[in-house]
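The values are calculated or read from the model by the stated rules, or taken from the named source; none is laboratory data. In this text the structure is predicted, and so the values were computed from the model without any measurement. In this analysis, Cβ positions are derived from the backbone assuming ideal geometry, glycine residues included, and neighbour counts consider all displayed protein chains.
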Ligand code: SF4
């Protein structure tokens, strides 16, 4: 069994603890193990008389966890360079904070000798954590505070030197406690959602640099070799993981989602963007794409290295934008200039912000402004109107530094729209801005947004795979029938993926059976398909228990009114709304929940001890 | 034979392979007729790329949409009408 590094920033102390096998058998690793630990903290706080609602997301009592899993860093385990980050509370949502990132950091953390890091407390002055070849220490980061993500990564990598060095850090947005700040690693990779960068900033933890060459154990190496070979071969042969994603990256989705009438446009006023092709993956490939880039241990390589050679939005070299960032910074804001979107996305990486939440917040501000709800003196000349590319780019850096109108944008769309008296214009669930699929045109994803534990999220239950892409089978996006079953399966299976920890994109080619076999060979436990789905369900339910303790239940499993009451105005889903209640009823029944709360019988069945 | 005029949009690798974003096609209104007419413009290979001759069907592994609806989700026989828009994608994904 591996090790957990526990860091108390208030006391400035570090200690190492072994991973517990009985916990790993029930919760695997990564997200699952982190959820288990977060629940334990919550219980300890309750025993001390600290109520969940009293935990300030930006206070020292919040806990931040970086977690790898049994698959992470294992050579031959598909796409396994990742880590999962979690916090007891997100500053953006008040619910559990949760995000996942690629690059190399996850694998290199393991090579450094630790499987997980738990951060408690807050430092007086800025520090960074260094873990090199099994030895961990806190060092002053006074010289790094204020630096952007790229400089921080480069300076620390150079300071450590050698191979297998990787840096996770925050940029100015995290330092300035911007609610949608992310944790960045390897310069352009992000644990993007739910504002974990602000949690790191509140702890005055600027960075974590990891390096090492420790071998990652595999219980049954011969068996693993065979299974891995088969899985990697399948991924190479699969036209999605072997051709589509490597060639075009994620932004290849822009045109198909728009064709299905599901690409939210101008703050979700429509699902059809008449200029989608101008910002599509095909256009990116034909214009600013230089080459592709893969995360550690990945044969897909969906990452894009890009350059804008000239003009006002010139960039020497960047990475991305991804499908989600193009949509949020482009389609949601009505901006059609791909070079401006590349620049805005580059700033998001440089300052460390989630482009989904930021783009959506800017889009909400544009609608507020166009409807005349924002006083001119608040905007200070920032002309936030749909389609204004220059204002988009300016809004991004203003948010990172909370300058001018940026201080309102930094709150996220929910609080922004509340301040200006129109909460209905925030396209968010539980305070987290929804991603790039309009559920009026893809019903199942609406149920996922409503019930996702971390808020308006697509990747914890990606029904787009079956509703639009036909993987593993094609179902009609316009009917609410039968969607609850799929949402539950995707949510449970994704918990397994995020606890493994490897990349969700591997699942376009690999199924539950492949994961059961890979994980069995790596851990030496004999895990069936049912076993791992039960682990996934257990993780999802325990995470939901934490949500319940934080005050979230069925009343929060909702969607913005626009999606429930305003019929889609055009396209193939014209006239459709989301029949949420109907889907939710079936979903709760399948989950064994009442009003968004797992029943005692369900918890018993899943062997969750509270 | 009714004569209908429809628009075909090509995406991703199809767009690259045929160096074309869109084309107008006249056909008899059936999917087979549409593919045959398009093949006269784009070449025989297009027929193989999107159609399984033996089964007389659009290939299972591509995404073929009529007016934004995947034909796999449309019930019954598909009769194309004037001004219909056909979008053709290779297998793809993202997130
Ligand atoms: S598929 Fe893309 S995001 Fe996933 S591990 Fe590979 S390069 Fe990274």
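Out of curiosity, is residue A:451 within 14 Å of chain B (Cβ to nearest Cβ), buried (at least 24 other Cβ atoms within 10 Å of the Cβ) and under 18 Å from the mean Cα position of the chain (by Cα)?
no
Do any helices (runs of 4 or more DSSP H) entirely within chain B hold 3 or more residues that are more than 14 Å from chain A (Cβ to nearest Cβ), and if so, which?
Per the criteria, B:31-42, B:44-50.
Filter region A:193-236 for residues that are under 22 Å from residue A:121 (Cα atoms) and in a loop (DSSP other than H, G, I, E, B) and give the result.
Scanning region A:193-236 gives A:203, A:204.
Taking the options A:350, A:317, name whichever one is away from the ligand (no atom under 16 Å from the Cβ), surrounded by fewer than 24 Cβ atoms within 10 Å (Cβ to Cβ) and either on the phi > 0 side of the Ramachandran plot or under 20 Å from the mean Cα position of the chain (by Cα) (or both).
Only one candidate passes the filter, namely A:350.
Would you please name the residue that is nearest to the chain's Cα centre (by Cα), looking only at residues in region A:290-312 that are part of a strand (DSSP E or B) and in contact (Cβ under 8 Å) with a residue 24 or more places away in the chain?
Here the residue is A:303.
When you check residue A:471 against the structure, is it surrounded by fewer than 24 Cβ atoms within 10 Å (Cβ to Cβ) and within 16 Å of the ligand (Cβ to nearest atom), yes or no?
So residue A:471 passes the test.
What residue, among those in region A:299-312 that are away from every other protein chain (no Cβ under 14 Å) and crowded, with 19+ Cβ neighbours inside 10 Å, is nearest to the ligand (Cβ to nearest atom)?
In this case the residue turns out to be A:306.
Based on this model, can you work out whether residue A:264 counts as away from chain B (no Cβ under 14 Å), more than 16 Å from the ligand (Cβ to nearest atom) and in contact with a strand residue (DSSP E or B) (Cβ under 9 Å, 6 or more places away or on another chain)?
Yes; evaluated as a whole, the condition is true for this residue.
Does region A:363-383 contain any residue that is part of a loop (DSSP other than H, G, I, E, B) and within 15 Å of residue A:181 (Cβ to Cβ)?
The answer is no, given that none of the residues of region A:363-383 is part of a loop (DSSP other than H, G, I, E, B) and within 15 Å of residue A:181 (Cβ to Cβ).
So how many residues does region A:511-539 have that are within 25 Å of residue A:66 (Cβ to Cβ) and either within 16 Å of the ligand (Cβ to nearest atom) or not assigned by TED's automatic domain parsing to the domain that holds residue A:601 (or both)?
Residues that pass the stated criteria total 2.
Quick one: is residue A:322 within 14 Å of another protein chain (Cβ to nearest Cβ), out of contact with any strand residue (DSSP E or B) (no Cβ under 7 Å at 6 or more places or on another chain) and within 16 Å of the ligand (Cβ to nearest atom)?
Answer is yes for this residue.
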